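This report refers to the structure that appears directly beneath it.
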Amino acid sequence: MSITELLYVLFNNKRFMIGFGIILFQLLLSFMGPLLYPVDPFSTDNPPWTPPNEVYPLGTDRSGRDMLAMIFHGIRNSLYVGVLTGLFTIAMGLVVGLISGIKGGILDEILMAMTNIVMLIPSVLLAILIITYIGYENARLELVAFVLSITAWPGFARAVRSQVLSLREREFVYLSKIAGYNSLKIAFQDILPHLATFTLVSFVNYINLGINGEVGLSILGLTPMNIMTLGKILYFAAITQAFILGKWWTFIPAGLLQVLLSVSLLLIATGIDEVFNPRLRGM
Amino acid sequence: MSRVYKFIFTKLVILIITYFIALSIAFVLPRIVPGNPVQSLIVSLASGSLSPELLSDYQRRLVEVFELNKPLHIQFINFLRKSFTGDLGVSLQSYGEPVVSLIARHLPWTILLLVPAIVTAWFIGNYLGARASYKRGSIFEKVTIGAGMVVSQIPYYWLAMTLIFALAVLPRELWGVDLFPPGSAYDPVLQPSLTLEFIISYLRHYVLPFLSLLLPSLGGWIISMRVIATMELGSPYIFYSDTLGVKDKILFRYVLRNSMLPQVTALGIQLGFVLSGQIITEQIFNYQGMGILLTRALGVRDYPVIQGVFMILIATVLLANFIVDFVYVLIDPRIRLGHRRD
């Protein structure tokens, strides 16, 4: 299938299109928003606890931060953490899974034992421990993404390995071996292209994991204080007890946007899966 | 050695190795991180407003837990010995209470909150997921799956906030009704006891945190169960039974039972996720479990407590995983009877 054909099939998938549309809309919000509504999300010059009105479309929080500005900046940074987490996780998982599946033997045994162990350790706990000792003052968004992917890669690595194991027995791989190609070339030319869809779907899912993980760490106060993310918005709502005081505008919109983001990523992932994995169609 | 024992033995070995590695991480981290966090905590405490005797007391406790004045290998051996004998040091805050007794006070609340939510979500979610896949194409399926998909993506903490706002704060503001209390595990005027009054108060405080943990987890089970059950529905034995004219009810029971098996193992993995959601849930509900203990310790960098909570929670998750594996052996005839050759 050529690229245009691929895109045509994808864009004809209802789930993919809905998810893609929502993501596009949120991306647009996060990039155009700050231009059209140039308000500093950290500025505390506004009156506190203002409900939504003409001047402050989404109101302000206890310190007088403008909620709409916070959300525009928050979506962008949250997506950034998510995409980074996805990239890190995919990279680590692919390397380990490919080595394990192609090389086999004792190396495979060791790597798989490693994944078994990392999978058993609850991710948020490990992330908390790492960030506590590094110090949250030094924690950058990149570090948050990295810490989140440290515990996320084993599941993906195992899946890649099992796919490689079945691909390894196919004729075209044997032919490459007979032709004398080394394992690196076989990995890149014969095996990786077959993993493309699966990798893409996992990537989307790990973006989701990154966005959610960031919010979790933020609420515990473990992410950088000077960067606005969706998690930071909920953190401010949590420490000011906004939900008990009935200030709904400080956490309902941000949370809804996060749910929307997650659902659309899930829709994209299932859409891609359906298109390339015909057995799942019509489910 | 029969297959069952082999299976259990392997799992036990993995479990011990994993706990050992988790312990090693907890040991290595504070020592390799640049700038030595423990040392810098002592420095920052010194520049604070603490009285000299309190400061030297803090320093003594920190040095006691981390034993920074001894060679590394001695530190490690002592650390392991202490972890296995349950000596987790003394909290910097809380008037120097031992970490173990702090944890012993908080852990029961966490388990009471967590276990019913996880188990209920597992049963209801799997039943609904299997039902949805069995009634393929019906409105029931569309509604269940759609709702499951959305609900599974709702973050625990946001749901917690929204539930407090919608079911505790709003009714009071609008109609002056105290439907549910907005936080805490029980009425602060009561003492934990087995009286009817306390149990009722506990249950009323329990509803909201329970729901906030139950719903997202429920959605996850619905989604994953549907995939498994759909595959099960495609297997030859179902087709055969269907041709034989087996009743719908019995057929559904076949599908449900066979699809439950992989979900048992998934339960162990899910546990870690729910636990992490629960740490934050507790913070929002001000529910006096391990999550609150951890969050408070994080705020003041009470390293002995953070380290202790980390180790106990991981031990709990590992133990639960082991129990799940054990249950799996009991209910899966392929593992239980696999060694028989008749």
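The values are calculated or read from the model by the stated rules, or taken from the named source; none is laboratory data. Worth saying up front: this structure is predicted, and the values here are computed from it rather than measured. Here the Cβ positions follow ideal geometry from the backbone for every residue, glycine too, while neighbour counts run over all protein chains shown. Areas reflect the complete protein model, heavy atoms only, side chains present, ligands, DNA and RNA absent. Shrake-Rupley method; radii C 1.70, N 1.55, O 1.52, S 1.80 Å.
Within the set B:Lys142/B:Lys249; A:Lys103/B:Lys6; B:Lys11/B:Lys135, which residue pairs have Cα atoms separated by over 31 Å?
Numbers: B:Lys142/B:Lys249 21 Å; A:Lys103/B:Lys6 27 Å; B:Lys11/B:Lys135 37 Å.
Where the Cα-Cα span goes over 31 Å, the pairs concerned are B:Lys11/B:Lys135.
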Exercise for review: Enumerate the calculated ³J(HN,Hα) couplings along segment B:135-147 in order (Karplus 6.51 cos²θ - 1.76 cosθ + 1.60, θ = phi - 60°), each rounded to whole Hz, writing x wherever the residue is Gly or Pro.
Suggested key: 9, 4, x, 7, 5, 3, 4, 4, 5, 4, 5, x, 5
Revision key, fill the gap. Hull volume per residue for segment A:41-155, using the convex hull of the C-alpha atoms, in Å³ is 122 Å³
Check your understanding: So for segment B:1-138, taking the charge dipole from beta-carbon charges (+1 Lys/Arg, -1 Asp/Glu), which of B:Asn69, B:Ala130, B:Trp109 sits furthest toward the positive end?
Key -> B:Ala130
Review point. What spacing in nm lies between the two simple spin-label points modelled at B:Leu319 and A:Ala113, each 7 Å away from Cα in the Cβ direction?
Key: 2.6 nm
**Study point:** Calculated from backbone phi, Karplus (6.51, -1.76, 1.60) coupling profile of segment A:159-166 in Hz, x at Gly/Pro
**Key:** 5, 4, 4, 5, 5, 4, 4, 7
Check your understanding: What span do the alpha-carbon atoms of the protein assembly as shown cover on each of the three principal axes, reported in whole Å from largest to smallest?
Key -> 77, 66, 59
Study note, to complete from the structure: Ranking B:Tyr186, A:Pro52, B:Phe9 by how far each Cα lies towards the positive end of the charge dipole of the protein assembly as shown (+1 on Lys and Arg Cβ, -1 on Asp and Glu Cβ), the top one is B:Phe9
Study note, to complete from the structure: Once the in-chain neighbours fewer than 8 apart are removed, the lysines whose Cα is under 19 Å from A:Lys247 read A:Lys232
Point to revise | Prolate/oblate/rounded label for segment A:213-283 (Cα gyration tensor, a/c 1.5) | key: prolate
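Treat every Asp and Glu Cβ in segment A:55-160 as -1 and every Lys and Arg Cβ as +1, leave all other atoms uncharged, and give the resulting dipole magnitude about the Cα centre to the nearest 20 debye. List each step's numbers first, then the result.
On the way: 6 positive and 6 negative charges, 24 e Å.
Roughly 120 debye, rounded to the nearest 20.
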Review point. In peptide A:76-87, how many Cβ atoms from other protein chains are near each Cβ within 10 Å, on average?
Key: 0
Practice item. May I ask you to rank B:Lys249, B:Lys82, A:Lys177, B:Lys11 by accessible area, largest first, using a 1.4 Å probe over the protein chains only? Key: B:Lys249, A:Lys177, B:Lys11, B:Lys82
Check your understanding: Going by a ≥ b ≥ c, the root eigenvalues of the Cα gyration tensor, does segment A:157-268 fall in the rounded group (a/c under 1.5), the prolate group (a/b larger than b/c) or the oblate group?
Key -> prolate
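Would you kindly calculate the mean projected area, averaged across all directions, of the convex hull enclosing the Cα atoms of segment B:106-203, in square nanometres? Provide the component values of the computation, followed by the final result.
Values: hull surface 35.2 nm².
For segment B:106-203, the mean projected area of the Cα convex hull comes to 8.8 nm².
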Revision key, fill the gap. Amide H neighbours of B:Val90 at under 5 Å, excluding residues fewer than 5 places away on the same chain, with H built from the backbone geometry, are B:Val99
**Study point:** Alpha-carbon radius of gyration plus Dmax, which is the widest Cα pair, for segment B:180-219 in Å
**Key:** 11.6, 36
Practice item. With only alpha-carbon atoms counted, please give the Rg and Dmax of chain B, in Å. Key: 24.6, 85
Revision key, fill the gap. Mean per-residue count of partner chain Cβ within 10 Å for B:157-167 equals 6
Point to revise | Cα→Cβ-extended label distance, 7 Å offset, between B:Phe9 and B:Phe123, nm | key: 3.6 nm
Review point. Tell me, what ³J(HN,Hα) does each residue in segment B:195-203 have, in order and in whole Hz, if you take phi through Karplus 6.51 cos²θ - 1.76 cosθ + 1.60 with θ = phi - 60° and put x for Gly and Pro?
Key: 7, 4, 4, 5, 5, 4, 4, 4, 5
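Taking 0.36 nm per intervening residue step and subtracting the Cα-Cα distance, what contour gain separates B:Leu72 from B:Arg105 on full extension? Write out the running numbers ahead of the final one.
On the way: separation 33, 0.36 × 33 = 11.88 nm, distance 3.22 nm.
Contour length minus the Cα-Cα distance gives 8.7 nm.
Can you give me the Kirkwood hydrodynamic radius for segment B:185-314, using every pair of distinct Cα atoms, in Å to one decimal? Before the final figure, lay out each step's value.
Numbers: mean 1/r = 0.0545 Å⁻¹.
Taking every pair of different Cα atoms in segment B:185-314, averaging 1/r and inverting gives 18.3 Å.
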Point to revise | Debye equation applied to the C-alpha atoms of segment B:9-123, log10 I(q)/I(0) at 0.13, 0.15, 0.19 Å⁻¹ | key: -0.71, -0.88, -1.16
Exercise for review: With only Lys, Arg, Asp and Glu charged, each at its Cβ (+1 for the first two, -1 for the last two), find how big the charge dipole of chain A is about the Cα centre; round to the nearest 20 debye.
Suggested key: 500 debye
Revision key, fill the gap. Of A:His73, A:His194, B:His73, ordered by accessible area with the largest first and a 1.4 Å probe, the sequence is B:His73, A:His194, A:His73
**Study point:** Cβ charges +1 (Lys, Arg) and -1 (Asp, Glu), total dipole of segment A:135-222, debye
**Key:** 340 debye
Practice item. Using only Cα atoms, find the angle between the long axis of helix A:230-239 and the longest principal axis of chain A, and express it within 0 to 90 degrees, rounded to the nearest 10. Key: 50 degrees
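Report the longest stretch of chain A that contains none of the GluC sites (Glu not before Pro) sitting in a DSSP loop with at most 10 other Cβ atoms within 10 Å.
A:170-283
When the Cα atoms of chain A are enclosed in a convex hull and the volume is divided per residue, what value in Å³ results? Before the final figure, lay out each step's value.
Numbers: hull volume 45.9 nm³, N = 283.
So the per-residue hull volume is 162 Å³.
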Review point. Expressed as a whole number of Å, what is the distance separating the alpha-carbon centroids of segment B:222-289 and segment A:9-65?
Key: 37 Å
Review point. If B:Asp187, B:Asp325, B:Asp242 are ordered by their accessible area, calculated over protein heavy atoms with a 1.4 Å probe, which sequence runs from highest to lowest?
Key: B:Asp242, B:Asp187, B:Asp325
Check your understanding: On a 0 to 90 degree scale, rounded to 10, what angle separates helix A:123-134 from the longest Cα axis of chain A?
Key -> 70 degrees
Practice item. Could you list the square roots of 5 times each eigenvalue of the Cα gyration tensor of segment B:244-323, that is, the equivalent ellipsoid semi-axes, sorted largest first and rounded to whole Å? Key: 41, 14, 7
Exercise for review: Shielding by partners for A:258-265, please: the mean number of other protein chain Cβ atoms within 10 Å of each residue's Cβ.
Suggested key: 4
Practice item. Positive end of the charge dipole of segment B:145-299 (Lys, Arg +1 and Asp, Glu -1 on Cβ, about the Cα centre): tell me which of B:Phe210, B:Ser224, B:Gln288 has its Cα farthest that way. Key: B:Ser224
Check your understanding: Among all the lysines, which ones have a C-alpha under 23 Å from B:Lys82's C-alpha, if same-chain residues fewer than 8 places away are not counted?
Key -> B:Lys70
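Is it possible to state the helix-based mean residue ellipticity at 222 nm for chain B, with each DSSP H run of 4+ residues giving -39500 (n - 2.57), the sum divided by total residues, to the nearest 500 deg cm²/dmol? What is it? Provide the component values of the computation, followed by the final result.
Working: 14 runs with 262 residues, N = 342.
The helix contribution divided over chain B gives -26000 deg cm²/dmol.
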